[in-house]
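All remarks here apply to the structure that follows.
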Amino acid sequence: MKIFWNTNTGQFEYLIIKSIVDVPVPVYLSSNNSETWNVESVSFRFPTSFTFNPQEVIILLIGDPLVSSFFPVYSQKPGMRTLVTNTGRLDNAGEMIALEKPVSAGFFISEERVSYKPIAPWPAAGKGQAIRRVSLTAYSNDPINWQLSITCNDVWQVCPVPVAPPTNPPVAPPVLPPADNPTPVPAGPTPTLPPVDNPTPVPAGPTPALAPVDNSTPVLPPTDSPIDLPTPSIPFVPVPSSPVTISLKSSSGIKYPGLLFLISSLVLFLFERLLIIRK
């Protein structure tokens, strides 16, 4: 068995049911072939007198999809029969699916059942993923016995048909208009160009004699030369050998004999400095 409930846009919910015996299995009451087996949760009843062939695999499409639109999307095992139900949908939150057989009119018992969940410990089937039963003889309602169906190499898988790339006929290259080339100029004689306006050359002549350049270093007079000034003749005034005593008196009547000597010495000193400066 395989369950596909978490569909993408453009996909259909379905169940895959397989017979595991090598003999035909009728799914109806022997006394009444219209009392057929039932798939609980989607309220599907097998058609009257329906019988599984040995090891047969069938697909039950859910939600009344058009079979003609289903098989271009999915591939199937050659000879696989397809059944369709328009009563009910599989619950994305999980529910119990049971394969029931009638024991009398209106009374059924479960042959197989499974209560799948979209959470652990059940396989986490994302969008566009289905879960498949691992062992067909082990207990069906054990999460360990279910896994994601991610391959297309077993009888349980219904696989999307690979879309072949379109086979377009080769396209001939476009015919381009001729390039807009200018009309070529016919060859002719090379035009004569006017002579270049060069100035009249100056005839060669003797090289004019140039005056020699005086490269000698000029001798400058020294800047710190003494100026020869004439020595003025100053008459000598003899100083009397006897000291001149100038008697000065203060208001108190006391004389100052040394003051005159001091003045005389100062006059002589100034006179000598004047002579030196004039030299």
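We did not get these values from a lab; they are worked out from the coordinates using the rules stated. This one's a predicted model, so the numbers in the text were calculated from it and none came from an experiment. Here the Cβ is made from the backbone with ideal geometry for all residues, glycine too, and neighbour counts use every protein chain on show.
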- Message: Could you order the peptides 262-274, 100-112 from most to least packed, using the average number of other C-beta atoms within 10 Å per residue?
- Response: 100-112, 262-274
- Query: In sequence order, what are the phi-derived ³J(HN,Hα) couplings for region 84-94 according to the Karplus relation 6.51 cos²θ - 1.76 cosθ + 1.60 with θ = phi - 60°, rounded to whole Hz, with x for glycine and proline?
  - Reply: 10, 10, 10, 10, x, 9, 6, 8, 5, 7, x
- Hey, can you grab everything whose amide H is under 5 Å from the amide H of Phe44? Only 5+ residues off in sequence or another chain; H modelled, so Pro and N-termini drop out. Val39
- Item | Built amide H within the under 5 Å cut-off of Glu95, gap 5+ | Tyr116
- HN-Hα J in Hz across region 15-27 - Karplus 6.51, -1.76, 1.60, θ = phi - 60°, x for Gly and Pro: 10, 10, 10, 10, 8, 10, 10, 9, 10, x, 10, x, 10
- Message: List the residues, sorted by chain then number, that are 5 or more residues from Trp146 or on another chain and whose placed amide H is less than 5 Å from its amide H.
- Response: Val134
- Karplus couplings for region 117-122 from phi (6.51 cos²θ - 1.76 cosθ + 1.60, θ = phi - 60°), rounded to Hz, Gly and Pro as x? 9, x, 10, 4, x, 6
- Item | Counted charge near Asn141, where neighbours are those whose Cβ lies closer than 10 Å (Asp, Glu -1; Lys, Arg +1) | -1
- Message: Per-residue counts of other Cβ atoms within 10 Å, averaged by peptide: what ranking do you get for 52-59, 21-28, 134-141, highest first?
- Response: 52-59, 21-28, 134-141
- Message: How long are the semi-axes of the equivalent ellipsoid of region 2-149, taking √(5λ) for every eigenvalue λ of the Cα gyration tensor, in whole Å from largest down?
- Response: 24, 19, 15
- In region 2-149, how many lysine pairs have Cα atoms under 21 Å apart, counting only pairs 8 or more places apart or on different chains? 8
